[in-house]
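The values are calculated or read from the model by the stated rules, or taken from the named source; none is laboratory data. What you see is a predicted model, and the numbers here were worked out from it, not measured in a lab. Every residue, glycine among them, receives a Cβ derived from its backbone with ideal geometry; neighbour counts consider all protein chains shown. Only protein heavy atoms, including side chains, enter the accessible area calculation; ligands, DNA and RNA are left aside. Shrake-Rupley method; radii C 1.70, N 1.55, O 1.52, S 1.80 Å.
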Amino acid sequence: MTRIEWVEGGENRSALWRSESGWPAPKKVVLADDTMAADTAYRLALDGTALLWRGDFQNARQLVQALARRIDHRGSRSKRAKAGKAAPTPTEQFHRHRLAQLQRARTLAMLLIPFDADYTIALRRAPEVKEACLEAWGPSSETSVASLRELLGLIGAHEWRRKGVHIPALDGRIHPWYGVFSPVRGEYVDLVAQAPLPPQAKLAFDIGAGTGVLSAVLARRGLQHVVATDMDQRALGCASDNLARLGLTSQVELIKADLFPDGQADLVVCNPPWLPGKPSSAIEYAIYDPDSRMLRGFLGGLKAHLAEHGEGWLIISDLAEHLGLRTRAQLLEWIAAAGLDVAGRHDVQPTHAKAQDADDPLHAARSREVTSLWRLRAA
């Protein structure tokens with residue numbers, strides 16, 4: 001654990017530095033309060049100087065919004081300056097968008113909030129955040145500092161966890177934990193709920209359990225036993241909590257494992273990250289798969305873990321293909337090289353908001369996206 005250091009009242013001070021994104025503690029820190037102008041804060045943040053907030057908490061939230069408006073305005077000017085130039089390829093557009101999002105996040109993360117050892121925030125009009133911080137960070141015994149942007153993410157995640165996400169296929173709710181990807185895109189869950197099961201299937205493996213939503217769907221569909229794996233301790237805790245809420249603990253066994261458990265199953269299900277790329281934070285491992293490691297690992301090991309007449313279900317979007325990050329031919333080559341045949345495919349078009357948003361920088365690709373469940377068998 002690293003520490004952040006600053007000077008206050010003529011004294012050197014320090015506190016534990018918290019960053020789920022893995023960013024190093026800022027080396028330049030100045031104190032900031034309600035008297036600091038938004039333009040001044042923006043210039044300091046762009047320069048990599050962190051602002052340790054000592055003013056009203058709600059004013060800090062307003063300052064973050066003011067910084068965001070300035071960042072977005074700067075981005076709009078940059079786009080206008082590039083107007084008339086050759087249009088970027090989808091791949092170039094994707095990388096530019098990712099870089100812009102990363103730079104935006106880094107700048108907004110320069111506004112810092114101090115926490116007492118018990119996660120109290122000693123600022124005017126500060127909310128009660130102890131429960132949200134305990135859920136995300138665990139118990140603490142010393143003062144710490146984190147970005148306001150990260151804290152707002154913790155608060156939002158706490159509300160998701162408290163309220164849950166309604167899953168029609170379960171006629172129930174899944175409660176995602178902080179750092180575990182929420183199943184808000186229900187089309188992939190519906191695919192698993194509707195695809196025909198292999199004849200007389202009794203045992204299933206769920207590779208990469210996450211919230212446990214797919215394990216729960218399989219158990220509700222009548223699989224006698226489901227073995228779900230994940231390498232992330234938060235995900236395993238989250239899945240355990242959700243399965244207990246749904247009364248499915250006796251049907252689903254959770255194991256910490258990299259991809260497959262031992263043995264063979266009638267059905268092996270995997271919903272890997274859909275885009276090849278390097279994650280910039282822990283939660284992005286649910287979106288980005290470095291060098292397609294999980295996808296290729298699943299395909300490469302599937303045949304050995306299929307029982308006779310068993311099937312592997314690969315649930316994946318073709319967004320990477322529309323962005324030029326992977327080709328359909330490449331995916332089919334990996335399937336064939338793994339000694340697998342495609343027994344069928346079930347497709348659905350996403351209905352999430354970004355697929356309909358013409359102002360989204362990646363709209364051209366998102367509007368053509370299809371999510372598929374590939375039914376794979378040993379060749």
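Whenever a residue of the range 366-378 is within 23 Å of Ala337 (Cα to Cα) and among the hydroxyl-bearing types (Ser, Thr, Tyr), its partners that are open to solvent by less than 10 Å² (accessible area, probe 1.4 Å) and part of a strand (DSSP E or B), lying with C-beta atoms within less than 9 angstrom and at least six residues away or across chains, give the pairs Thr371/Ile315; Thr371/Ile316; Thr371/Ser317; Ser372/Leu314; Ser372/Ile315; Ser372/Ile316; Ser372/Ser317. Looking at the range 115-183, the strands (runs of 3 or more DSSP E) lying wholly inside it that each contain 1 or more residues that are small (Gly, Ala, Ser) sit at 144-147, 172-174. Kindly evaluate Leu314 against the criterion of being under 20 Å from the mean Cα position of the chain (by Cα) and open to solvent by less than 40 Å² (accessible area, probe 1.4 Å). Answer is yes for this residue. Has the range 256-267 got at least one residue that is in contact with a strand residue (DSSP E or B) (Cβ under 9 Å, 6 or more places away or on another chain), buried (at least 21 other Cβ atoms within 10 Å of the Cβ), under 29 Å from Glu92 (Cβ atoms) and at pLDDT 95 or above? The answer is no; no qualifying residue exists. Pairing residues of the range 286-308 that are of a type in the set (Asp, Glu) with residues that are open to solvent by less than 50 Å² (accessible area, probe 1.4 Å) and part of a helix (DSSP H, G or I), at Cβ distances under 9 Å and at least 6 apart in sequence or on separate chains, gives Asp289/Leu295. Residue count for the range 259-279, restricted to those that are of a type outside the set (Asp, Glu) and assigned to a loop (DSSP other than H, G, I, E, B): 12. Scanning the range 356-372 for residues that are in contact with a Lys or Arg (Cβ under 7 Å, 6 or more places away or on another chain) and either surrounded by fewer than 19 Cβ atoms within 10 Å (Cβ to Cβ) or at pLDDT 95 or above (or both) yields Asp360, Ser372.
With respect to Arg69, is the statement that it is touching a residue at least 40 places away in the same chain (Cβ under 8 Å), outside any loop (DSSP other than H, G, I, E, B) and among the charged types (D, E, K, R) true? Against the criterion (touching a residue at least 40 places away in the same chain (Cβ under 8 Å), outside any loop (DSSP other than H, G, I, E, B) and among the charged types (D, E, K, R)), Arg69 does not qualify. Among the residues of the range 122-162, those identified as under 15 Å from Leu52 (Cβ atoms), surrounded by 14 or more Cβ atoms within 10 Å (Cβ to Cβ) and among the hydrophobic types (A, V, I, L, M, F, W, C) are Leu123, Ala126, Val145, Ala146, Leu148, Leu151. Taken together, Gly344, Gly277, Gly300 contain a single residue that is over 26 Å from Ser215 (Cα atoms) and open to solvent by 10 Å² or more (accessible area, probe 1.4 Å), which is Gly277. Here's a check for you: in the range 42-53, which residue that is of a type outside the set (Ser, Thr, Tyr) and closer than 24 Å to Gly10 by Cα is surrounded by the fewest Cβ atoms within 10 Å (Cβ to Cβ)? Per the stated criteria, the residue is Asp47. Going through the range 15-30 one residue at a time, which ones are open to solvent by 50 Å² or more (accessible area, probe 1.4 Å) and under 19 Å from Asp118 (Cβ atoms)? If the condition is that a residue be open to solvent by 50 Å² or more (accessible area, probe 1.4 Å) and under 19 Å from Asp118 (Cβ atoms), then no residue fits.
Taken together, Asp39, Asp34, Asp56, Asp72 contain a single residue that is open to solvent by less than 30 Å² (accessible area, probe 1.4 Å), out of contact with any strand residue (DSSP E or B) (no Cβ under 9 Å at 6 or more places or on another chain) and not polar (S, T, N, Q), which is Asp56. Screening Ala329 against (1) surrounded by 17 or more Cβ atoms within 10 Å (Cβ to Cβ); (2) at pLDDT 95 or above leaves a single unmet condition, (1). With respect to the conditions (1) touching a Ser or Thr at 6+ places or on another chain (Cβ under 9 Å); (2) modelled with pLDDT under 95; (3) surrounded by fewer than 16 Cβ atoms within 10 Å (Cβ to Cβ), Ala117 falls short on a single one, namely (2).
Taken over the range 123-137, the residue count meeting the criterion of being more than 17 Å from Gly22 (Cα to Cα) and of a type in the set (Gly, Ala, Ser) is 2.
Could you tell me whether any residue of the range 241-249 is open to solvent by 10 Å² or more (accessible area, probe 1.4 Å) and among the β-branched types (Val, Ile, Thr)? Yes, there is a match, as at least one residue in the range 241-249 is open to solvent by 10 Å² or more (accessible area, probe 1.4 Å) and among the β-branched types (Val, Ile, Thr).
Given the conditions (1) touching a residue at least 12 places away in the same chain (Cβ under 8 Å); (2) more than 15 Å from the chain's Cα centre (by Cα), which single one is not true for Ser280? Answer for Ser280: the failing condition is (2). Within the range 283-342, the residues that satisfy the criterion of being over 18 Å from Arg368 (Cβ atoms), small (Gly, Ala, Ser) and not in a loop (DSSP other than H, G, I, E, B) are Ala286, Ser292, Gly297, Gly300, Gly301, Ala304, Ala307, Gly310, Gly312, Ala336, Ala337.
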